[in-house]
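I have placed the structure first, in the form of structure tokens, so that the comments after it can refer back to it.
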Amino acid sequence: MTLPCSILPKPRSLLAFFLLAFGISWIVWIPAALASHGLLSFQLGQSTTSLLGAFGPSTAALITTGIYDGKAGFRSLLRRLLTWRVGLQWYLFVLFWPALLSLAKTALAVLFGGSAPDFAQPPFVHLYPLPSELSKVNPLLFLPFVFLQQTLIGSSMGEEIGWRGYALPRLEAYRNAVRAGIILGIVWGVWHLPLWLTKGYPLAEGFLGWTMLSILADSVLFTWVYNNTKGSLLLALLFHTSIAITGLFLSSAEASAPIGLALKWGVVVLVVAMFGSEHLSHKATATAQSSVR
């Protein structure tokens, strides 16, 4: 039984999407990764290559939609981008869950003997050095502008039209929600591989295993949100942005990655137990049952 918000894929359309998504992103990221190790001369800056590559999934989704689904496919994507009447609780979750998780893992890390982070100097300050005249301004004042930029012209828009807009509903046509989320999470994680191999890129500083497990958990949570918000891409964009913004504007304790993963996967297990692995949504289950009748 397919999910109410799933889309039956055309033959080979998903494969074409994944190949395009990887190809468009990696054609930019691989040269940048090689250049970071002195193996290739490459002129574009790291932030530019990162942003260009981030639009691989959404660009691939638009191309594949045009080839396989035409105007009807574009209308479906646009409709889900504008789906906003989904319940206040989902806005609260996607906007505040990443920050709550960060604070919780920091509190536990400090409780177990870790040092408290400097909240006055979040990663944003070091990753995006400000002009001298703005160096003493509270970094949080920049949060609304960075949030808007990240949502509209950043990696959120670059990725989510592809991952949740195109791939997820087609994966769910033949697989239950948890399996679809995990499969997409694996693809999503491997897609980042050139960034992990880029010297000086923030992802390269962390342990690959922790990052992969975190992406898998996030992918299941994205699927849960998607299936309970009528397939809203707007909520997916906001969720993606909230995760990114939290990492920029909220410091966390050192060596808290395992604690954060334990908390995140604990929530995933709770969600699956409460909503069921088939649909990750009581509403979707009721709709599917009524359609059978």
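The values are calculated or read from the model by the stated rules, or taken from the named source; none is laboratory data. Nothing here was measured: the structure is a model prediction, and the numbers come from that model. Don't worry about glycine lacking a Cβ; one is built from the backbone with ideal geometry, like all the others, and counts go over all protein chains shown.
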Please find, within segment 139-163, the residue that is surrounded by the fewest Cβ atoms within 10 Å (Cβ to Cβ) out of those that are of a type in the set (Gly, Ala, Ser) and assigned to a helix (DSSP H, G or I). SER155
For segment 191-285, which helices (runs of 4 or more DSSP H) that fit wholly inside it have 3 or more residues that are crowded, with 21+ Cβ neighbours inside 10 Å and of a type outside the set (Val, Ile, Thr)? 208-228, 233-249
Can you name the number of the only condition in (1) part of a helix (DSSP H, G or I); (2) over 18 Å from the mean Cα position of the chain (by Cα) that PHE93 fails? (2)
Please go through segment 166-190 and give me each residue that is among the aromatic types (Phe, Trp, Tyr) and not in a helix (DSSP H, G or I), ordered by number. TYR174
Among the residues of segment 102-115, write down those that are of a type in the set (A, V, I, L, M, F, W, C) and buried (at least 18 other Cβ atoms within 10 Å of the Cβ). ALA109
Applying the selection to segment 164-183, what residues are within 15 Å of VAL225 (Cβ to Cβ) and surrounded by fewer than 24 Cβ atoms within 10 Å (Cβ to Cβ)? PRO169, VAL178
List pairs: first in segment 82-105 and touching a residue at least 60 places away in the same chain (Cβ under 8 Å) and of a type in the set (Gly, Ala, Ser), second crowded, with 17+ Cβ neighbours inside 10 Å and not in a helix (DSSP H, G or I), Cβ under 9 Å, 6+ apart or cross-chain? GLY87/THR229; ALA99/LEU250; SER102/LEU250; SER102/SER251; SER102/SER252; SER102/SER256
Of all the residues that make up segment 44-81, how many are within 24 Å of ALA244 (Cα to Cα) and either in a helix (DSSP H, G or I) or touching a Phe, Trp or Tyr at 6+ places or on another chain (Cβ under 6 Å) (or both)? 20
For LEU40: the one exception among (1) buried (at least 21 other Cβ atoms within 10 Å of the Cβ); (2) touching a Pro at 6+ places or on another chain (Cβ under 7 Å); (3) modelled with pLDDT under 90: (1)
What residue, among those in segment 56-78 that are within 20 Å of the chain's Cα centre (by Cα) and under 12 Å from GLY165 (Cα atoms), is surrounded by the fewest Cβ atoms within 10 Å (Cβ to Cβ)? LEU78
